Amino acid sequence: MSETAAQTESTNEPKAIFLRDYQVPAYLIDEIDLHFDLKDDETLVTSHLRIRHNRFSSSKIKDLVLDGDGLTLESIKMNGNVLSDSQYQVNSEFLIIQNVPDNFDLEIKTKIYPQLNTALSGLYRSANTYCTQCEAEGFRRITYFLDRPDVLSRYTTTITADEAKFPVLLSNGNLIDSGKLQNGRHWVKWEDPFNKPSYLFALVAGDFDLIEDTFVTQSNLDIILRIYVEKGYGQQAHHAMHCVKEAMRWDEQAYGREYDLDIYMIVAIADFNMGAMENKGLNIFNTKYVLAKPETATDQDYIHILSVIGHEYFHNWSGNRVTCRDWFQLSLKEGLTIFRDQTFAEDTLSQAVMRIQEVNGLREVQFVEDASPLAHPVRPDSYIEINNFYTSTIYNKGAEVLRMLQTILGKSMFRKGMDLYFARHDGQAVTIEDFVKAMEDVSGIDLKQFRLWYSQAGTPVISVEDDYDAEHHVYRLTICQKTLPTLGQAYKKPLHVPIRMGLLDAEGNAIPLQMQDEPAENEMVLHLTSESHIFKFENVASAPIPSLLRNFSAPVKLHYPYSNLNLEFLFKHDKDPFNRWEAGQKYAIRLMLNLVQDYQRDKALHLPDELIAMYEYILQHDQDDNFLLAEMMTLPSEKYIGEQMDVIDVDAIHAVREFVINEIANKLQTLLLEIYRKNHDISGVYHFSIKDIGKRQLKNRCLLYLMLLPKYEEIGMQQFEASLKMNMTNLQPALTALSNSESGYRVKALEHFYDAWKHDALVVDKWLAIQAGSKLPDTLQTVRKLMRHEAFDIKNPNKVYALIGTFGLRNPVNFHAADGEGYAFLREVVHQLDKLNPQVAARMVKPLTTWRRYDKERQALMQGQLELLLQDKKISRDLYELVSKSLEEV
């Protein structure tokens, strides 16, 4: 059964689609010529299709089944002849044309209503702009089509609109013609020379500010670069343009990939479900990943723009030129492109800090997903709604799988594999097997076992024991792996786990690693391929301290019985920056989990002097890399601490973490203040450079500690006032600290911030998020009040993510309040969102889906809210899938 046929069965309960049922399409569409007539009350879409029977299809059915959603069918012509009602059937999901020939032309006219499209999928209107979002299945909301990624077509698009309202008319490819019409209307015609699936189609019509530049490729071609943004915001797109050119240059150098059209365009849209979309030649971005100036954007905003710009540009090859055969292969493009954008950011900025931030995100989101009823493999076996599988597992774990593959093959061989993959499959829709096969063919390595990373869900647990034979100078590591059962996968096979490691002596020097007669190395990759294996190292002169899983070489949970002294030592002396940071995190988590037990037993909390001494040491000795130092001074989040517990105790975790950071602030205040002043630039002038980013990040980390002490709140208010119209990187942490305090500065600062920036939507999002993330006990009441504020619009995804998303995902102590009011609030909002935008509703419900991790009282409250959502007879497929799966018996 094909994906389409699986959906034709009409039942009240949405049916799953299975990878095992994949069949090639019975028909292919070689060419599509689209005509859009944009008007205020409706849009007329005329599509001319050149269709042929797929010779690789075994189907004997002669009916053509086209996908459609929310369309008003006006007419159908086959080979120029109007079809009668008896020659086709149409329902809410499909247009079925009966007994079609092997080769034919089809003309379909439909009406759609973009101004009513609150789901922001297909063609919709955002204020005075028309915009499309077709991934994953939005094209069927524009016209009837074979809306699946393995149908690749040549697209020509003609757009007609009022010239005064919509002077800019854009689509994929190269502009080939344009002209004027009567009544103030005009038209343009775009042609994309490359075959593409329907999900990569794009159209934009509006009036924009434009910034333009050029890029000269390695083969000396001049590429026109254009970024279109909302009127009045053109000056905020220059950083994005810089990032485009950096990404183009990097992809040529790192992968030999050159751009392939005459023009590359980006359009920034305020109402957009995703971060951005890689439509061929016309990338559509959420404004938050394009607009930036020092007054409104933080260092982290600038970094995210670099990463997302790179991600969408890199898709031109890893996703567009070579795309995925079906949606089960989604990580083939997304995991691969995340890996490419991560490497780009590491090479461009800081390898150490970018890696730390990547792993933090993986642990706080993907590891949680892996441990929940929503766990799924990097390549899922089934889905009900594909929009739900744009997950951290597909993206971030998928990227980690590629990083492991590079580690196993080596960078040079991995690059050869990428070259072969692009050359072999250019212009095709392929599978993960095709990608791995290219890597096998260039390397000669059998990757059969490695493929299990794509089919097994769950996070492997790696347990390590060691033994040192002082008489024979032999050191042994016994390494075991185990992956716990997940829903539908009770038994897990051993994986191929690459473990990068080194050994340190008592002075912190690297001990050469030698196995049998192999040459000695200071660092080595151990390949764990069985449930358990003993690795023996010879000529080890003294008992070493192992540095394991360097640079986080595999997405696993590592258990080794480090003593506190070992962790302190690695925190100060490990040669691997990631493992230095990791040692500090492990030490802090161990300490705080012990304090959680004390808190639960009503024992007085006491902070060991060793933690203070560790932080004091690095503050005094590690100021060569302030960016890394700022990360090393950051405690694990409440969310990550909770993930280390069998039953998450949100109140105890919050109380303990607050105690620890207050103790650090109190005992190190003199040193923190000294470093703050040393790195505080009173001019406030912003430069996007690693040196300046590091100074700001370290200074503001010190400020966040200091402002926990009432006597330093005035310093924070001074920084707030000095930065209000100059430097958001300095402004935001000061306001965040003030919003967490009961001081008189709090209300004043929040009011001044809003008054200064209420006309800038992205800055207002920060204002909403800061208040939603406040630790104060009345935060839920504040969030409810803000939902009625002029600044909030439930139809705008960015507003929802800022206010509702921050409260549900980043404020555990208030969201999980014992009275359950946070749960009831989220259910109310999700229910409302589901009627407007099911994709956003499904994203917002996720905090409730982890209900099994909490105490019985909270479990009952969360479960009750999920069951209430299921009672809605009109629940969307998006929301139904997540809620029903989270309630299934494990």
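The values are calculated or read from the model by the stated rules, or taken from the named source; none is laboratory data. On a predicted model such as this, the values are computed, not experimentally measured, just so you know. Don't worry about glycine lacking a Cβ; one is built from the backbone with ideal geometry, like all the others, and counts go over all protein chains shown. Ligands, DNA and RNA are stripped out before the accessible areas are found, and what is left, the full protein with its side chains, is counted by its heavy atoms. Shrake-Rupley method; radii C 1.70, N 1.55, O 1.52, S 1.80 Å.
Here are a few things to note about the model shown:
- Among (1) part of a loop (DSSP other than H, G, I, E, B); (2) touching a residue at least 12 places away in the same chain (Cβ under 8 Å), the one test that residue 419 misses: (1)
- In the set (1) open to solvent by less than 50 Å² (accessible area, probe 1.4 Å); (2) part of a helix (DSSP H, G or I), residue 794 fails one condition alone, (2).
- Residue that is at pLDDT 95 or above, farther than 22 Å from residue 466 by Cβ and in contact with a strand residue (DSSP E or B) (Cβ under 7 Å, 6 or more places away or on another chain), where the choices are 661, 612, 648, 653: 648
- Per the listing 848, 861, 882, the residue uniquely in contact with a Gly (Cβ under 6 Å, 6 or more places away or on another chain) and under 25 Å from residue 370 (Cβ atoms) is 861.
- Any hit, region 627-643, residues being in contact with a Ser or Thr (Cβ under 9 Å, 6 or more places away or on another chain) and of a type in the set (Phe, Trp, Tyr): yes
- Selection count where residues are crowded, with 19+ Cβ neighbours inside 10 Å, over 26 Å from the mean Cα position of the chain (by Cα) and without any contact (Cβ under 8 Å) to a residue 60 or more places away in the chain, scope region 628-663: 1
- Condition broken by residue 567, with the remaining ones in (1) more than 33 Å from the chain's Cα centre (by Cα); (2) under 30 Å from residue 512 (Cβ atoms); (3) aliphatic (A, V, I, L, M) satisfied: (1)
- Pairs, first over 18 Å from residue 547 (Cα atoms) and in a loop (DSSP other than H, G, I, E, B) in region 471-499, second charged (D, E, K, R) and open to solvent by less than 30 Å² (accessible area, probe 1.4 Å), C-beta under 6 Å, six or more apart: 483/492
- When region 298-352 is limited to residues that are outside any helix (DSSP H, G or I) and either among the aliphatic types (A, V, I, L, M) or modelled with pLDDT under 95 (or both), the one that is nearest to residue 284 (Cα to Cα) turns out to be 322.
- Picking from residues in region 366-397 that are of a type in the set (A, V, I, L, M) and open to solvent by less than 10 Å² (accessible area, probe 1.4 Å), the one that is farthest from residue 342 (Cα to Cα) is 386.
- For region 426-465, residues that are in a strand (DSSP E or B), in contact with a Lys or Arg (Cβ under 8 Å, 6 or more places away or on another chain) and surrounded by 15 or more Cβ atoms within 10 Å (Cβ to Cβ) total 4.
- Single match in 689, 774, 723, 739 (criterion: free of Cβ contacts under 8 Å to residues at least 12 places away in the same chain and under 23 Å from residue 288 (Cβ atoms)): 689
- Test: residue 194 is open to solvent by 10 Å² or more (accessible area, probe 1.4 Å), aromatic (Phe, Trp, Tyr) and closer than 16 Å to residue 429 by Cβ: yes
- Residue match in region 264-287 (condition: surrounded by fewer than 24 Cβ atoms within 10 Å (Cβ to Cβ) and in a helix (DSSP H, G or I)): yes
- Answer residue from region 251-260, given it is within 15 Å of residue 312 (Cα to Cα) and in contact with a Lys or Arg (Cβ under 9 Å, 6 or more places away or on another chain) and is surrounded by the fewest Cβ atoms within 10 Å (Cβ to Cβ) among those: 260
- Among the strands (runs of 3 or more DSSP E) confined to region 85-177, the ones with at least 3 residues that are more than 29 Å from the chain's Cα centre (by Cα) and surrounded by fewer than 16 Cβ atoms within 10 Å (Cβ to Cβ) are located at 103-112.
- Tally of residues being open to solvent by 30 Å² or more (accessible area, probe 1.4 Å), touching a Phe, Trp or Tyr at 6+ places or on another chain (Cβ under 9 Å), not in a strand (DSSP E or B) and not aliphatic (A, V, I, L, M) across region 15-58: 3
- Meets criteria (open to solvent by 20 Å² or more (accessible area, probe 1.4 Å), assigned to a helix (DSSP H, G or I) and in contact (Cβ under 8 Å) with a residue 60 or more places away in the chain) for residue 407: yes
- Residue 625 satisfies every condition listed in (1) under 25 Å from residue 502 (Cα atoms); (2) open to solvent by 30 Å² or more (accessible area, probe 1.4 Å); (3) in contact with a Leu (Cβ under 7 Å, 6 or more places away or on another chain); (4) touching a residue at least 60 places away in the same chain (Cβ under 8 Å) except (3).
- Evaluated against (1) in a helix (DSSP H, G or I); (2) of a type in the set (Ser, Thr, Tyr); (3) under 34 Å from the mean Cα position of the chain (by Cα), residue 686 falls short on exactly one condition, (1).
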